[in-house]
1. Report the FRET efficiency, 1/(1 + (r/R0)^6), for residue 323 and residue 448, where r is their Cβ-Cβ distance and R0 is 41 Å, rounded to 0.05.
2. How many angstrom separate the Cα center of the stretch 96-131 from the Cα center of the stretch 197-244?
3. At a Förster distance of 22 Å, what's the computed FRET efficiency of residue 416 paired with residue 496, Cβ-Cβ distance as r, to 0.05?
4. Using the heavy atoms of the protein chains alone and a 1.4 angstrom probe, what is the accessible area of the stretch 45-132 per residue in square angstrom?
5. Using only the Cα atoms of the stretch 359-518, build the gyration tensor, take square roots of its eigenvalues as a ≥ b ≥ c, and label the shape rounded, prolate or oblate: rounded if a/c is under 1.5, else prolate if a/b is larger than b/c, else oblate.
6. Amide H of residue 80: which non-local residues (sequence gap of 5 or more, or other chain) have their own amide H closer than 5 Å, using H built in the peptide plane?
7. Using only Cα atoms, locate the centre of the stretch 292-311 and the centre of the stretch 379-438, then give the distance between them in Å, rounded to an integer.
8. What's the FRET efficiency of residue 139 with residue 314 using the Cβ-Cβ distance as r and R₀ = 25 Å, to the nearest 0.05?
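The values are calculated or read from the model by the stated rules, or taken from the named source; none is laboratory data. Please read these numbers as outputs of a predicted model, since none were measured by experiment. Glycine also receives a Cβ, built like all others from the backbone with ideal geometry; neighbour counts cover every protein chain displayed. These accessible areas exclude ligands, DNA and RNA; they are computed on the full protein's heavy atoms, side chains included. Shrake-Rupley method; radii C 1.70, N 1.55, O 1.52, S 1.80 Å.
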Amino acid sequence: MKLAASPGLLILAAVVAGLIGLPVASVLAHVFDGGTSGVWRHLAATVLPEYVGNTLWLCLGVGSGTVAVGVSTAWLTAMHRFPGSRIFEWALVLPLAVPAYVLAYVYTDFLQFAGPVQSALREAFGWTRADYFFPEVRSLGGAIVLFVFVLYPYVYLTARVAFIERAGGMLEAARTLGLGPWRSFLRVSVPLARPAVAAGTTLALMETLADYGAVSYFGVQTFTTGIYRAWFSLGDRIAAAQLAAALLGFVIALLLLEQASRRRARFHDTTGRDRPRRGQPLRGVPAVLACAACLAPVVIGFLLPAGLLLRLALLEGDAQFGAPFIRLTRNSFILAGVTAAAAVGLAVLLAYGARLAKGRMPAALNRLVGLGYAVPGSVIAVGVLIPVTRLDHWLNQQWQDWFGVNPGLLLTGGIAALVYAYLVRFLAVALQTVGASLAKITPGMDESARSLGEGAGGVLRRVHLPVLRGSLLTAGLLVFVDVMKELPATLVMRPFNFDTLATQAYVLASDERLAEASTAALAIVAAGLLPVIVLSRQISRRGRPGRAAP
């Protein structure tokens with residue numbers, strides 16, 4: 001039976017995609033305002049080649065590093081049993097709770113010339129500055145290493161879910177054909193997980209392209225630093241919009257490359273065997289190597305920076321710690337929870353609409369949604385404020401005409417406009433994760449359900465949503481933690497007297513008041529830890545090798 005698209009669902013998906021793409025279109029509309037400015041000509045002649053070169057090197061280094069770390073750790077924890085493997089299942093996600101700019105400040109303080117590492121080396125060996133070489137932390141290479149250990153969980157989460165879902169019949173069939181563990185991994189598991197790995201890598205690279213705090217502190221000139229300089233330092237919104245358009249060109253190329261890597265291939269598990277597979281036990285040297293491979297990312301990305309922040313907080317502390325931090329934590333949780341729930345719901349709608357239509361328009365709309373993830377948060381904030389402020393003033397005037405009462409600014413005066421900006425920024429996170437998992441469900445399941453009388457809504461509710469449960473939890477987790485760490489949009493659009501943990505930590509850390517910022521930074525980490533641990537362990541229990549799925 002041929003699948004038929006639901007017109008109502010497709011129209012609603014188009015409306016949602018249009019609303020998400022509106023701020024990006026608002027920014028791009030300024031590209032052609034007033035012609036080519038003198039500032040843009042100056043930037044193109046001086047720093048634009050450096051922006052392009054640094055951005056390409058960042059993408060190459062971060063993409064390769066996140067795939068290597070994420071896929072290897074996902075395979076080890078999903079398919080093997082070794083000492084600490086159950087702890088590593090959720091511990092490997094912990095770096096998602098640490099903002100990249102916090103990691104940049106911590107490691108700069110830890111590894112700089114006057115920091116504890118180099119000071120200990122000089123004291124131990126009697127060296128002077130000219131007697132030894134130490135890599136420069138605030139450099140392009142340092143930024144690449146930083147991003148790898150902050151962003152590899154994107155690949156780890158999506159790849160691990162794919163490995164668990166493929167852990168039954170497909171690998172058993174490969175073993176019966178004489179393939180050993182490594183050949184099964186390279187020839188069966190990796191190709192089947194390729195859509196998930198590509199989705200996770202794309203998310204990591206889009207996050208890298210959009211970052212401002214870490215690259216700015218490290219002195220690495222990229223498109224984001226150029227946009228901020230043109231918009232806020234030079235006061236030229238046209239030049240900033242043109243740089244933003246160039247950045248969007250990188251994102252479009254990235255998305256097209258990810259789609260081209262799949263070509264027309266589809267990866268379905270048609271064995272019908274969902275029973276869990278017991279993880280292969282590792283002992284001796286292999287077990288030690290597996291532990292080391294899983295422990296190193298956790299230490300570098302979470303344990304060491306968290307320990308350094310905790311040491312600063314305990315030794316020096318923050319006099320404002322107390323009731324203000326409870327309020328900041330509550331505000332951050334409200335914003336993150338509302339945005340995560342809305343993003344997952346919209347992602348299911350958009351991905352399912354594209355699956356039903358099988359045409360070019362829904363896929364193009366979804367790509368438009370994905371562009372927002374690579375645009376700096378402050379640029380998105382401006383793009384949101386332009387149309388939303390006009391709507392807000394119109395609603396205010398209409399309310400006064402109808403009821404004779406001034407309600408104030410209904411959208412920008414509360415968190416509604418800020419949540420809208422977050423959705424523009426982070427909906428791509430949920431959409432990539434849900435879309436990759438939905439693509440792995442064979443169309444035969446839809447056809448079977450439709451032949452039994454189910455409509456499009458029934459197929460989604462009774463077939464897809466139960467299968468996608470782990471992926472939906474993963475998508476919600478990613479959005480939740482990203483919102484907890486988001487800075488630029490929050491700084492620009494937060495209502496009066498509505499601060500978050502991220503704004504507090506960034507303002508103090510950017511003023512080199514790291515000891516005072518340590519409590520706020522630790523609060524961000526602690527706020528992100530609970531959902532990271534709970535959701536990650538739920539995902540692992542759902543399909544842990546050797547355990548029955550609940």
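1. 0.10
2. That distance is 26 Å.
3. Approximately 0.90, to the nearest 0.05.
4. 41
5. Because a/c hits 1.5 or more and a/b fails to exceed b/c, the stretch 359-518 counts as oblate.
6. Here 280 satisfy the definition.
7. Rounded to whole Å, the Cα centres lie 38 Å apart.
8. 0.20
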